[in-house]
Amino acid sequence: MNETERTVILAALKQKTVTLPDQTHVRALGQGTWRMGEDQTKRQAEIEALSVGLDSGMELIDTAEMYGEGASEQLIREVLKERRDEVFLVSKVYPHNAGGEKLRAACERTLENLGTDYLDLYLLHWRGSIPLQETVDGLEQLKAEGKIRRWGVSNFDVKDMKELLALDKGDQCAVNQVLYHLGSRGIEYELMPLLKQHSIPVMAYCPLAEGGSLRDQLLDHPTVERLAEEHGVKPAQILLAWAIRSGDVIAIPKAGQAPHVEENGKAALIDLTEEELAALDEAFPAPTKKEPLDIV
């Protein structure tokens, strides 16, 4: 990708943002890092990929203490050097660490791994046995101390979100990170409307269905292939454009090589028409009833 193309993508991403509850605007395409940092032979390529993503305007980088037990966070540390102010940095805490002194220790360990003194967003990775109120209280304390700017949750279904929102300070939740892609639309029936009612965006992990492996005949579906050909892009870019179509979803595809990151960024240039969206709806229908939350 040359400098002109990168500038065009950056301009497009600046126009495609998602608003958090505190009115912070985050670009709709970010970068995921699951399984990155675990193979030393891929380390330099992964650092380059994340750096190229930042150059192209994909400012959000998502990680978790679970990813390689800190290896992903340590990889990102290399990318953050001299660039911390350019990054909207997200990490996630294990459920068994999400309370009391364990929460503080986990957060401080994550900050040390990342080489920073604050997170832009800190998420509870999934529900565990620690009471939600204890987790919320701990996250609010970390926020008060400046270790995190805001907090949210991940893999929360409707019942979980309703329980959270009923708690003291539970309405401070900034996002819900869940699996969401064209072949897995279950959240659209009830969870998405609930989140929208409370101005809480969705952060979509696996928006490419792990390269299509989570859903048969996704990237190679005739409708997806036809639209990709008509737009002069690859099927993955159609999937990403679809995922961020509403303005309420932040997609965080993972790409461990710079060319793949550049391809992801080009999805910001695609505006699917009503007719094209209808064709995708016909190929991959929206849910007509509540479905179990899809998780990997």
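The values are calculated or read from the model by the stated rules, or taken from the named source; none is laboratory data. Everything numeric here is computed off the predicted structure, so don't read it as measured data. Counting neighbours? That spans all protein chains shown, and the Cβs are built from the backbone with ideal geometry, glycine included. For the accessible areas, the whole protein counts, side chains as well, though only heavy atoms, and no ligand, DNA or RNA atoms are used. Shrake-Rupley method; radii C 1.70, N 1.55, O 1.52, S 1.80 Å.
Hull volume per residue, based on the alpha-carbon atoms of segment 160-213 and their convex hull, is 73 Å³.
Based on the reciprocal of the average 1/r between different C-alpha atoms, the Kirkwood radius for segment 218-293 equals 13.3 Å.
Here the contact order of the chain, divided by its residue count and restricted to Cα pairs under 8 Å and six or more residues apart, works out to 22 percent.
Of the solvent-accessible surface of the chain, computed with a 1.4 Å probe and all protein chains present, 46% belongs to carbon and sulfur. Distant-in-sequence amide contacts of Met203, defined by a placed amide H-H separation under 5 Å and a gap of 5 or more residues or a different chain, comprise Asn176, Gln177, Val178, Ile250. P(r) tail for the chain, what percent of Cα pairs lie past 23 Å? Counting pairs separated by more than 23 Å, the tail of P(r) holds 53 percent. Based on alpha-carbon centroids, what's the gap between segment 236-296 and segment 30-106 in Å, whole number please? After rounding, the separation between the Cα centres reads 23 Å.
Add +1 for every Lys or Arg and -1 for every Asp or Glu among the other residues with Cβ under 10 Å from the Cβ of Gly186, and state the total. Neighbourhood net charge equals -2. Annotation: the antiparallel percentage among DSSP beta bridges lying fully within the chain is about 15. Checking the cross-link pairs Lys147/Lys254; Lys14/Lys266; Lys102/Lys147; Lys234/Lys254; Lys147/Lys169 against a 20 Å limit on the alpha carbon distance flags Lys147/Lys254 as lying beyond it.
Please report the antiparallel percentage of DSSP beta bridges with both residues in segment 122-236, rounded to the nearest 5. Could the numbers behind the result be given before it?
Details: 1 of 10 bridges.
In segment 122-236, DSSP labels about 10 percent of beta bridges as antiparallel.
Note that segment 127-180 carries a Kirkwood radius of 11.5 Å, evaluated over its alpha carbons pair by pair. For the chain, the solvent-accessible area with a 1.4 angstrom probe is 44 square angstrom per residue. Within the chain, the longest segment free of exposed loop sites, counting GluC sites (Glu not before Pro) that fall outside DSSP classes H, G, I, E and B and have at most 11 other Cβ atoms within 10 Å, spans 146-296. For segment 266-296, trypsin sites (Lys or Arg not before Pro) meeting the loop criterion (DSSP other than H, G, I, E, B) and having at most 11 other Cβ atoms within 10 Å: Lys289.
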